[in-house]
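Worksheet: one structure, shown below.
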Amino acid sequence: MKLAKYITLFLILNFSALALGVLLMDNGAQSNWYLQLNKAPWTPPGWVFGAAWTFIMICFAAYLGFLAKQSKNFKFILLFAIQWFLNVGWNFAFFNQHYISIGLVLITALTLLVIYMFYKYKSIVKNISILILPYIIWLCIATSLNAYILIYN
């Protein structure tokens, strides 16, 4: 399959995860519950989340596309699927159910999984690995935000 087809496939999968996550958020960051939480001083303004996730998912799709094109096996698909469910699950646990501690477990697992993917497949995609770094950085920030909310609420 051509690289563009792989990237397109992963764009669809990544943005479907974001869309499903938004549906499961129960008004998310605009809910009274979230607005009344004591949030970290480094919490970015709301518009940053949409812009960041758009950029991150485009980079991640390109990363996955290159990985699919260059990999001799597709074992990474299982890791991708787990990542997909952790990403969607966090939205549901944190925003919809208000399970801050479960949210922290999910986002920590997601962060560790994406870091693992970075190291595991670095030798296959080489310099293209840089495309997964925005995701890792954002997940570290998001994990710290979730932890702050758990500690201070």
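Rule-based calculations on the coordinates, nothing more; no lab input. For clarity, every value in this text was computed on a predicted model and none was experimentally measured. A quick note on method: Cβ atoms are made from the backbone with ideal geometry, for glycine too, and the neighbour counts reach across all protein chains shown.
With (1) under 30 Å from Asn38 (Cβ atoms); (2) in a helix (DSSP H, G or I) as the list, and His98 as the residue in question, which single condition is left unmet?
(2)
Tell me yes or no: at least one residue of segment 146-153 is closer than 18 Å to Met25 by Cβ, buried (at least 17 other Cβ atoms within 10 Å of the Cβ) and either of a type in the set (Ser, Thr, Tyr) or within 17 Å of the chain's Cα centre (by Cα) (or both).
The answer is yes; a qualifying residue exists.
For residues that are under 15 Å from the mean Cα position of the chain (by Cα) and not aliphatic (A, V, I, L, M), scanning just segment 57-73, find the one that is surrounded by the fewest Cβ atoms within 10 Å (Cβ to Cβ).
Cys59
For segment 110-121, check the following and say yes or no: at least one residue is free of Cβ contacts under 8 Å to residues at least 12 places away in the same chain, surrounded by fewer than 21 Cβ atoms within 10 Å (Cβ to Cβ), out of contact with any strand residue (DSSP E or B) (no Cβ under 8 Å at 6 or more places or on another chain) and farther than 21 Å from Ala17 by Cβ.
The answer is yes; a qualifying residue exists.
Considering only residues of segment 6-56 that are assigned to a loop (DSSP other than H, G, I, E, B), of a type outside the set (S, T, N, Q) and over 19 Å from Ile107 (Cα atoms), which is farthest from the chain's Cα centre (by Cα)? So that I can check it myself, show each step before the final result.
Start the filter on segment 6-56 by keeping residues that are assigned to a loop (DSSP other than H, G, I, E, B), which leaves 24-27, 31, 36-45.
Of the ones still in play, those that are also of a type outside the set (S, T, N, Q) are 24-26, 37, 39-42, 44-45.
Now restrict to residues that are over 19 Å from Ile107 (Cα atoms): 41, 45.
Values: Pro41: 22, Pro45: 18 Å.
The extreme case among them is Pro41.
Rundown of residues vs (1) touching a Leu at 6+ places or on another chain (Cβ under 9 Å); (2) among the small types (Gly, Ala, Ser); (3) within 24 Å of Thr8 (Cβ to Cβ), yes/no style:
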| position | (1), (2), (3) |
| --- | --- |
| Lys69 | yes, no, yes |
| Val105 | no, no, no |
| Ser123 | no, yes, no |
| Tyr135 | no, no, yes |
| Ala147 | yes, yes, no |
